[in-house]
1. Output wanted: per-residue J couplings in Hz (rounded whole) for region 414-428, from phi through Karplus 6.51 cos²θ - 1.76 cosθ + 1.60, θ = phi - 60°, x for Gly and Pro.
2. Dividing the Cα convex hull volume of the chain by residue count, how many Å³ per residue is that?
3. Based on the Kirkwood radius over alpha-carbon pairs, what is the Stokes-Einstein translational diffusion coefficient of region 309-447 at 10 °C with 1.306 mPa s viscosity, in µm²/s?
4. For labels at Ser223 and Ser386 in the simple 7 Å Cα→Cβ model, what's the distance in nm?
5. For the chain, what relative contact order do you get, as a whole percent, if you take Cα pairs closer than 8 Å and at least 6 residues apart?
6. Stretched out fully, how many nm does the piece from Lys114 to Ala16 gain, at 0.36 nm a residue minus the Cα gap?
7. Quick one: Karplus J couplings for region 309-319, per residue in order, coefficients 6.51, -1.76, 1.60, θ = phi - 60°, nearest Hz, x for Gly and Pro?
8. Is any helix in the chain, taking whole DSSP H runs, at least 30 angstrom long along its axis by alpha carbon and on average at least -0.5 on the Kyte-Doolittle scale, and which ones?
Amino acid sequence: MMWGLKFLRFLWCILAFLLFVIVVVAWGVEYVPGFLKAPWGNKLGGVGNLFGLLALYTAVIMTVIGVRLPLVERAFGLDRLIRFHTALGPLVLLFAIIHVIFRTLSFSASIGEKWSWDFLFQFFPYSWAISENALVAARWGLLVILLSVTAAKVARLSRGFIPFRIWKPLHSMIYYGIFTAFGHSLILASDVKRFPLLVPWAGLALVWGGCCVYRLNYLLQRSRNFRWFLEGVDYETHDVHTCRFIRPEGQGSFARRRPGQFMIIRMKSRLWGWSDPHPFTISCPPGSDSLCCTVKGVGSFSKKLRTCRPGTVFLCEGPYGIFTPDFEREKNLVFIAGGIGITPFLSMMRYVRDNSIPVSVTLIWGNRAKKDIVAYSELSRFVKSSDRFRVVHVLSEQKITDKMREETAEDGFFWEQGLVTGSVLKKYVNPDNASFYVCGPAPMQKMVMREIRQVFKVPPGKIRRELFVFY
């Protein structure tokens with residue numbers, strides 16, 4: 001499975017690179033032969049057209065990533081795709097602005113001026129000519145792209161202060177901006193209508209149009225295909241609870257889920273329709289009749305889940321993510337969790353137990369205190385029923401006394417005080433062919449990865465981690 005994902009990832013990268021090469025080569029064939037002899041204004045226009053094509057290219061790649069195509073998500077994981085998607089937005093805007101600047105300089109040179117402000121800021125047509133209206137639509141499209149990218153960036157920096165239902169519609173307007181970019185290039189640019197530039201333009205247009213059709217169909221079918229009902233809430237600790245969801249029609253796409261994957265859930269609201277999306281790891285193993293997510297009640301949405309009534313309607317989309325072991329190839333699994341980062345590992349360990357998979361699992365789990373440990377009794381049964389499981393609890397705030405060790409002696413756990421440091425890892429981890437998986441708060445992950453590299457000389461690329469930030 002791991003090699004299949006790597007091949008699929010490599011294939012998508014090659015396809016994206018080939019599309020980029022086709023765009024640049026087609027522009028070169030069109031402009032390079034006569035570039036030196038061309039008038040100054042034509043040179044500027046040619047360079048501007050290159051950046052216009054690059055803007056279309058990056059916009060198409062951003063769309064392919066953003067619509068969550070299953071084959072693309074399966075190769076990279078939704079968390080990585082979202083981070084890449086957010087990084088591409090400013091690049092699309094940058095290429096578009098450079099295109100506009102060079103085209104404005106080219107037009108200004110053609111009329112004998114240094115800079116024509118009218119060409120750049122004329123937002124209402126002088127006539128009904130199609131070329132004039134295409135330019136006006138493109139200017140509005142650039143403003144929409146600017147607003148769309150800015151809205152997403154500001155919302156991300158505000159860390160949830162700007163509600164999703166406000167900035168997301170603004171961000172979705174980027175589809176209009178990209179549409180006007182394709183339209184005005186076809187109407188105004190004579191070079192796009194002939195070979196060779198017609199080839200990359202048509203290819204980009206087909207890919208983008210196909211992605212839009214897929215996303216629209218997905219949204220139209222979403223309420224029917226991903227509607228689940230809350231079966232009940234189990235209270236794990238003083239601030240952690242597990243929500244169980246059922247679907248009378250069957251599990252649908254979740255029937256193919258793998259341990260460690262997550263879902264995106266929305267709650268039905270009378271006032272706003274569906275709530276903002278929230279990602280949660282599926283803590284129950286594949287094969288279970290229901291979907292479960294184990295949640296720490298720290299935010300308003302997670303706290304609301306704790307008091308939801310059975311029968312409440314939810315949208316559960318997924319499964320997403322590639323944070324899952326290759327059980328056929330990896331036999332020495334080392335799971336390192338921080339706090340509620342235990343959830344994907346619960347799914348993996350339950351899957352190993354239910355299917356009697358011949359692997360060894362070492363779980364090192366950092367918590368503040370013993371009261372924060374989720375599934376305490378279940379983990380105890382794991383380690384006492386099989387020597388393939390080992391669980392090490394590391395407490396940062398509660399002191400581990402002799403009395404506590406006596407009280408927990410029959411539970412089968414190992415106990416350590418402080419943080420998950422290199423000395424703890426060296427004491428309990430067998431490094432031979434070990435596969436390291438890390439999940440927890442970002443600072444904890446950074447520290448643990450540094451310790452793993454120093455103690456076991458493991459390169460960063462060999463350490464798998466889940467660091468999910470949704471939009």
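1. Values per residue, Gly and Pro as x: 10, 10, 9, 9, x, 10, 7, 9, x, 5, 5, 4, 5, 6, 10 Hz.
2. On the way: hull volume 83.4 nm³, N = 471.
Roughly 177 Å³ of hull volume per residue.
3. On the way: Rh = 16.1 Å.
Approximately 99 µm²/s, per Stokes-Einstein.
4. Between Ser223 and Ser386, the label points sit 4.4 nm apart.
5. Across the chain, relative contact order equals 12 percent.
6. Details: separation 98, 0.36 × 98 = 35.28 nm, distance 3.78 nm.
Result for the pair: 31.5 nm of gain on full extension.
7. These are the phi-based 3J(HN,Hα) values: 7, x, x, 4, 7, 9, 9, 10, 9, x, x Hz.
8. Result, helices passing both filters: 2-31, 40-66, 78-110, 130-157, 198-225.
The values are calculated or read from the model by the stated rules, or taken from the named source; none is laboratory data. Computed from a prediction, not measured in an experiment: that's the story for all the values here. Positions of Cβ are backbone-derived with ideal geometry, glycine not excepted, and every protein chain shown enters the neighbour counts. Heavy atoms of the whole protein, side chains included, go into the accessibility calculation; ligands, DNA and RNA do not. Shrake-Rupley method; radii C 1.70, N 1.55, O 1.52, S 1.80 Å.
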